[in-house]
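The values are calculated or read from the model by the stated rules, or taken from the named source; none is laboratory data. Just so it is clear, the model here is predicted, and its values are computed rather than measured. Cβ coordinates were reconstructed from backbone atoms using ideal geometry, including for glycine residues, and neighbour counts include every protein chain displayed.
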Amino acid sequence: MSIKDAFKLYITVSRWEFLPAVLTGILIGIFIGADSIDYLISCKVIFILFEGIVIFILLFNVGFMVNCWADWKVDELYKTKLYHAVIKMGRNKLGFLVIIHILVSIILTYHVTLQVQRIEISFLVWMGIFLGVGYHVARKSPFF
């Protein structure tokens, strides 16, 4: 598989078509919560803000990838594009990609937590990962 094909599969299972709308909402929140534009573009904040957006995008993609991983049989009937992407990529590779996204997000979150000295950022990210991944996996569990 070529890098171009792998990237297309990644875009498909990550559902990048939803990203512009969600990023718009995130950016609105950032601009409303900021003291000023000068504060946002200051060297002190711009890198932390960029890291936060990267963390958000990675974890946003995790939600869709876990959904594709867990619902691949249902997608065979109703969302064939997603099903074919999972089959071509392989469920094991998709699971590995989810783990990589989560690990990179945790590392970046740890860095942001140290930079702003606010431990609640890490707690919120951990809770979001647990609830986000748990929701999709638990739906497929015979225990729920």
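Residue under question is Glu17, and the condition is that it be assigned to a helix (DSSP H, G or I) and at pLDDT 85 or above; does it hold?
Taking the combined requirement at face value, the residue does not satisfy it.
Looking at this structure, is Ile106 under 19 Å from Leu19 (Cα atoms), at pLDDT 85 or above and surrounded by 13 or more Cβ atoms within 10 Å (Cβ to Cβ)?
On the way: under 19 Å from Leu19 (Cα atoms): no; at pLDDT 85 or above: yes; surrounded by 13 or more Cβ atoms within 10 Å (Cβ to Cβ): yes.
For Ile106, the condition - under 19 Å from Leu19 (Cα atoms), at pLDDT 85 or above and surrounded by 13 or more Cβ atoms within 10 Å (Cβ to Cβ) - is not met.
Is at least one residue of the range 31-47 under 18 Å from the mean Cα position of the chain (by Cα) and in a helix (DSSP H, G or I)?
In the first step, residues of the range 31-47 are kept if they are under 18 Å from the mean Cα position of the chain (by Cα); the result is none.
Scanning the range 31-47, I find no residue that is under 18 Å from the mean Cα position of the chain (by Cα) and in a helix (DSSP H, G or I), so the answer is no.
Looking only at the range 67-88, count how many residues are aliphatic (A, V, I, L, M), more than 19 Å from the chain's Cα centre (by Cα) and under 24 Å from Ser2 (Cα atoms).
Final tally of qualifying residues: 1.
Quick check: is even one residue across the range 82-101 in a helix (DSSP H, G or I), of a type outside the set (S, T, N, Q) and touching a Ser or Thr at 6+ places or on another chain (Cβ under 8 Å)?
Within the range 82-101, one or more residues are in a helix (DSSP H, G or I), of a type outside the set (S, T, N, Q) and touching a Ser or Thr at 6+ places or on another chain (Cβ under 8 Å).
Val66 versus (1) out of contact with any helix residue (DSSP H, G or I) (no Cβ under 6 Å at 6 or more places or on another chain); (2) within 16 Å of Val98 (Cβ to Cβ); (3) not hydroxyl-bearing (Ser, Thr, Tyr): which is the lone unmet condition?
(1)
Take the residues of the range 57-79 that are free of Cβ contacts under 8 Å to residues at least 40 places away in the same chain and of a type in the set (Val, Ile, Thr): which is surrounded by the fewest Cβ atoms within 10 Å (Cβ to Cβ)?
My answer is Val74.
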